[in-house]
Amino acid sequence: MAKQPQVTEQTRANLTAAFWELYLEKPIEKITIREITDRAGYNRATFYLYYHDVYDLFEQLEDEILDQIRVLVQQRLLFEDQLDFSHHMGFIVELAQRFNAYMPRLMAGDPSFEERLKEIIAPLLDRFILPEEGLSPREQDVLRAFYLSGLLGAVGAWMADPDSMPISRLIELIVGAAL
């Protein structure tokens, strides 16, 4: 008997929501499948229909977030003649609002997430920020690391209190400093 797509998506969404609630409370090593399924209202067998273990669930969630950011960068921002975040503000705001509760925890709790995020963003720097004349490849590497760390640090600081400034102002500050 085939799974119904709506039921499958709702089940995944419920398991995901339960996981996020737990992950915001404690480290992944302390989260059990039993806690996730109890909180989501399912049995362990249902969990195993979708995931191998807690780490598989976590990895799929990270991949989903990174894939959406990758789409923004690769299919939208990289094909512009100039770096124009304001042109894509709606999509950026949507991503920020959707993942706001999770990004600070992901960036603080999983170093590989931040590294994977940097790999996605780096082509923007390589295309629009770093092609200055006279920089050696090593100097470009250092400058790229500086921009990536600064960008993610600024986004992390903003996400800690997003009500303190609108995302449009954050983007304006970052673009102003970078350019």
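Quick notes on this one:
- Matching residues, the stretch 162-179, being part of a loop (DSSP other than H, G, I, E, B) and at pLDDT below 75: Leu179
- Given (1) in contact (Cβ under 8 Å) with a residue 60 or more places away in the chain; (2) within 17 Å of Phe99 (Cα to Cα), number of the condition Val175 does not satisfy: (2)
- Long-range neighbours under 9 Å by Cβ, at least six apart or interchain, first residue open to solvent by 80 Å² or more (accessible area, probe 1.4 Å) within the stretch 37-55, second part of a helix (DSSP H, G or I) and basic (Lys, Arg): Arg44/Arg34
- Filtered residue count, the stretch 20-60, keeping only those that are in a helix (DSSP H, G or I) and of a type in the set (S, T, N, Q): 3
- Residue within the stretch 11-20 that is open to solvent by 60 Å² or more (accessible area, probe 1.4 Å) and either of a type in the set (S, T, N, Q) or modelled with pLDDT under 95 (or both) present: yes
- Selected residue (criterion: nearest to Tyr102 (Cα to Cα)) from residues of the stretch 22-31 that are out of contact with any Leu (no Cβ under 8 Å at 6 or more places or on another chain) and open to solvent by less than 60 Å² (accessible area, probe 1.4 Å): Tyr23
- If you filter the stretch 133-161 down to residues that are farther than 19 Å from Ile121 by Cβ and at pLDDT below 80, you find that the one that is most open to solvent (accessible area, probe 1.4 Å) is Glu133.
The values are calculated or read from the model by the stated rules, or taken from the named source; none is laboratory data. Source: prediction; values computed, not measured. Neighbour counts run over all protein chains shown; Cβ positions are idealised from the backbone, glycine included. The accessibility values were calculated without ligands, DNA or RNA, using every heavy atom of the protein model including side chains. Shrake-Rupley method; radii C 1.70, N 1.55, O 1.52, S 1.80 Å.
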